[in-house]
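Participant: Questions regarding the structure given below will be posed in turn.
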Amino acid sequence: MENATLFRDKSVLITGGLGFIGSNLARRLVEYGARITLVDSLIPEYGGNLFNIEGIEDRVRLNITDVRDRYSMAYLVRDQDYLFNLAGQTSHMDSMDDPHTDLDINCVAQLSILEACRKYSPTIKVVFASTRQIYGKPDYLPVNENHLLRPVDVNGINKMAGEWYHILYNNVYGIRATALRLTNTYGPRMRIRDARQTFLGLWIRLLLEGREFEVWEGQQLRDFNFVDDAVDAMLAAAISDLANGRAFNLGGERAISLRDLAEQLIEVNGGDGRYEGRSFPSNRERIDIGDYYADYKCIRESPGWQPRVHLQEGLALTLEFFRKHLKNYV
Ligand SMILES: NC(=O)c1ccc[n+]([C@@H]2O[C@H](COP(=O)([O-])OP(=O)(O)OC[C@H]3O[C@@H](n4cnc5c(N)ncnc54)[C@H](O)[C@@H]3O)[C@@H](O)[C@H]2O)c1
């Protein structure tokens, strides 16, 4: 990244810092010489994993705290230059089975974090990890930021509210904030134990264990970002004043059907692997969004971001990582 030096000696707080994207971001910021504090609750069903910071543990400050604890957050946001706000409950099914926990983490806690910023750290810049899930079932493709927001699950509604609190605090209180609507993100350190973070995680686990994985339906189109690209976008959003008060789509270089993705994954694994196609379980079908891929023209124009890592290369890097470290993730 061209502006890497801008993060040297900056104080950076990452909520969800032991998770998939948060830990990859932390690794990059360590390289750039930032002073980093990670906040994570390590709730076992979520993506946090101590192994995610293996090798950088001496170069980050770690605070095992829940972002729902507003007193801790009020302390932690002080004197920070940047907040990358990534802590979240990510499972769509869990949000339907236990809607109040999703509400507390993805919505109420977000408001508390922003209140903490308003009171104790008004000069901080916040980058919020939002999601394409807030669009629901697309009316048209590719989906741009003008598309109606019409979530199909509780998680989508709470993430939408979380996102809009950030925009509101930017507009009303001048707490500079940018939201990025992430699409399916994958790469080293993702959760592969189950499908809570993404179906692709479970596919990878089963593939590497020599077991068959399931592809539900299979013709749905999706786009994917390798995690390094998502990290680039977060850093670009952090240093851009033009991005303040805005929500941007991230998106993949192209859309791919899930069946083609399964084939590609097996090909990248040297042709080794098998999957079974089946129809959706009914509880999944009710909250499925069908085809989705993003138009990311807005962020490409300013602050200037586009995905660089091709799917094949990203999948290869991901499999290589998990082949080496499988036992730490299952
Ligand atoms: N991975 C994706 O494809 C994707 C897509 C869209 C949006 N996002 C968003 O990006 C963010 C990061 O996602 P990820 O894929 O790295 O998931 P992740 O589960 O690996 O990371 C989230 C982290 O937040 C932590 N966390 C959860 N609740 C917490 C709480 N109450 N207090 C403190 N820490 C808590 C978890 O322990 C975990 O380490 C999330 O907000 C998610 O909604 C991710």
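Participant: Determine the pairs where a residue that is in contact (Cβ under 8 Å) with a residue 24 or more places away in the chain, located within the range 201-214, has a partner that is outside any helix (DSSP H, G or I) and acidic (Asp, Glu) with Cβ atoms under 7 Å apart, the partner being 6 or more residues away or on another chain.
Facilitator: Glu212/Glu276; Glu214/Glu276
Participant: Okay, moving on. Go through (1) more than 11 Å from the ligand (Cβ to nearest atom); (2) open to solvent by 60 Å² or more (accessible area, probe 1.4 Å) one by one and return the number of the condition Ile64 breaks.
Facilitator: That leaves (1) as the condition not met.
Participant: Mind checking which residues of the range 173-219 are of a type in the set (A, V, I, L, M, F, W, C) and open to solvent by 20 Å² or more (accessible area, probe 1.4 Å)?
Facilitator: The answer is Ala195, Phe199, Leu202, Leu206, Leu208, Trp216.
Participant: Within the set of pairs 6 or more residues apart or between chains, which connect a residue that is open to solvent by less than 40 Å² (accessible area, probe 1.4 Å) inside the range 302-325 to a residue that is in a helix (DSSP H, G or I) and among the polar types (S, T, N, Q) with Cβ atoms less than 9 Å apart?
Facilitator: Leu311/Gln264; Leu315/Gln264
Participant: Collect the residues in the range 68-88 that are part of a loop (DSSP other than H, G, I, E, B), within 14 Å of the ligand (Cβ to nearest atom) and surrounded by 18 or more Cβ atoms within 10 Å (Cβ to Cβ), keeping them in residue-number order. Quick ask: steps written out before the conclusion?
Facilitator: First, pick out the residues of the range 68-88 that are part of a loop (DSSP other than H, G, I, E, B): 68-69, 77-81, 86-88.
Still in the running and within 14 Å of the ligand (Cβ to nearest atom): 68-69, 77, 86-88.
If the condition is that a residue be part of a loop (DSSP other than H, G, I, E, B), within 14 Å of the ligand (Cβ to nearest atom) and surrounded by 18 or more Cβ atoms within 10 Å (Cβ to Cβ), then Val77, Leu86, Ala87, Gly88 are the ones that fit.
Participant: Continuing with the same structure: What is the number of the single condition among (1) in contact (Cβ under 8 Å) with a residue 60 or more places away in the chain; (2) surrounded by 14 or more Cβ atoms within 10 Å (Cβ to Cβ); (3) in contact with a Pro (Cβ under 8 Å, 6 or more places away or on another chain); (4) not aromatic (Phe, Trp, Tyr) that Glu253 does not meet?
Facilitator: Only one criterion is unmet by Glu253, namely (1).
Participant: Within the range 106-151, work out how many residues are part of a helix (DSSP H, G or I), under 26 Å from Glu301 (Cβ atoms) and open to solvent by less than 10 Å² (accessible area, probe 1.4 Å).
Facilitator: Here the count works out to 3.
Participant: Scan the range 45-89 residue by residue and report those that are under 27 Å from Thr123 (Cβ atoms), in contact with a Ser or Thr (Cβ under 9 Å, 6 or more places away or on another chain), in contact (Cβ under 8 Å) with a residue 12 or more places away in the chain and of a type in the set (D, E, K, R).
Facilitator: Arg61, Asp66, Arg68, Arg70, Arg78, Asp79, Asp81
Participant: Hey, another quick one. Could you count how many residues in the range 1-54 are hydroxyl-bearing (Ser, Thr, Tyr) and within 15 Å of the ligand (Cβ to nearest atom)? Walk me through it before giving the result.
Facilitator: Going residue by residue through the range 1-54, those that are hydroxyl-bearing (Ser, Thr, Tyr) are 5, 11, 15, 23, 32, 37, 41, 46.
From the residues that got through so far, the ones that are within 15 Å of the ligand (Cβ to nearest atom) too are 15, 23, 37, 41, 46.
Count: 5.
Participant: So, one more: Yes or no: the range 158-172 includes at least one residue that is in contact with a strand residue (DSSP E or B) (Cβ under 7 Å, 6 or more places away or on another chain), closer than 30 Å to Ile53 by Cβ, without any contact (Cβ under 8 Å) to a residue 12 or more places away in the chain and open to solvent by less than 50 Å² (accessible area, probe 1.4 Å).
Facilitator: So far as the range 158-172 goes, no, none of its residues is in contact with a strand residue (DSSP E or B) (Cβ under 7 Å, 6 or more places away or on another chain), closer than 30 Å to Ile53 by Cβ, without any contact (Cβ under 8 Å) to a residue 12 or more places away in the chain and open to solvent by less than 50 Å² (accessible area, probe 1.4 Å).
The values are calculated or read from the model by the stated rules, or taken from the named source; none is laboratory data. From a predicted model like this one, the values you see are computed outputs, not experimental measurements. Here Cβ is always computed from backbone atoms with ideal geometry, including for glycine, and neighbour counts include all displayed protein chains. Surface areas here come from the heavy atoms of the whole protein model, side chains and all, with no ligands, DNA or RNA. Shrake-Rupley method; radii C 1.70, N 1.55, O 1.52, S 1.80 Å.
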